[in-house]
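Below is one structure; the comments refer to it alone.
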Amino acid sequence: MILVKLQSDNDDESGSKYLTEWAAIEIQGELESRHNTPLECQYVGDLFATIKDNVPILIIGHHILYGKMQTFPKPLAVMKKKEISDGINGRNEYIVEAVVTKKLLFKNRPKPIIANVNKS
């Protein structure tokens with residue numbers, strides 16, 4: 001599962017008290033790199049949404065995928081573990097960083113992007 005931060009018009013630089021909303025991306029099949037390297041923390045592609053219908057569009061290399069946005073029945077929490085030690089005892093505290101409320105589902109096969117080539 002790939003998680004992405006959703007940008008909104010009311011995002012501010014001051015660090016508002018509201019939790020950040022994230023979305024999960026679900027793709028049918030597998031993503032593999034050409035060089036057999038792990039994709040963790042790597043650039044995979046560009047994610048867009050149409051203005052009129054809010055349809056998610058994912059462009060990976062020379063392929064385009066059209067998806068749909070769904071809402072999770074139960075939201076997921078993205079948490080960060082914080083270890084607290086008072087010298088003798090240690091305990092863990094979990095801080096909720098974000099909430100995953102939506103899923104971008106790409107279940108159709110990717111379509112190739114073909115550029116117009118001048119035949120002169």
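The values are calculated or read from the model by the stated rules, or taken from the named source; none is laboratory data. Being a predicted model, the structure only gives us computed values, none of them experimental. With ideal geometry, Cβ positions are generated from the backbone for all residues, glycine too; neighbour counts draw on all protein chains shown.
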When region 104-120 is checked residue by residue, the ones that are outside any strand (DSSP E or B), exposed (fewer than 12 other Cβ atoms within 10 Å of the Cβ) and touching a Leu at 6+ places or on another chain (Cβ under 9 Å) are 108, 109
Could you check, for region 57-76, whether at least one of its residues is of a type in the set (S, T, N, Q) and at pLDDT below 90?
no
Can you say whether residue 76 is in contact (Cβ under 8 Å) with a residue 12 or more places away in the chain, in a strand (DSSP E or B), surrounded by 10 or more Cβ atoms within 10 Å (Cβ to Cβ) and out of contact with any Cys (no Cβ under 6 Å at 6 or more places or on another chain), as far as the supplied structure shows?
yes
Test set (1) more than 26 Å from residue 55 (Cα to Cα); (2) touching an Asp or Glu at 6+ places or on another chain (Cβ under 6 Å) - residue 78 fails condition number:
(1)
Residues of region 51-70 satisfying the condition of being surrounded by 11 or more Cβ atoms within 10 Å (Cβ to Cβ), among the aliphatic types (A, V, I, L, M) and assigned to a loop (DSSP other than H, G, I, E, B)
55
Quick test of your reading of the structure: residue 89 fulfils all but one of (1) at pLDDT 90 or above; (2) farther than 28 Å from residue 33 by Cβ. Name the failing condition by number.
(1)
On the given criteria, is residue 101 of a type in the set (Ser, Thr, Tyr), touching a residue at least 24 places away in the same chain (Cβ under 8 Å), surrounded by fewer than 11 Cβ atoms within 10 Å (Cβ to Cβ) and touching a strand residue (DSSP E or B) at 6+ places or on another chain (Cβ under 9 Å)?
no
Based on this model, can you work out whether residue 92 counts as loosely packed, with under 11 Cβ neighbours inside 10 Å and in a loop (DSSP other than H, G, I, E, B)?
no
Given (1) surrounded by 11 or more Cβ atoms within 10 Å (Cβ to Cβ); (2) of a type outside the set (D, E, K, R); (3) part of a loop (DSSP other than H, G, I, E, B), residue 48 misses just (3)
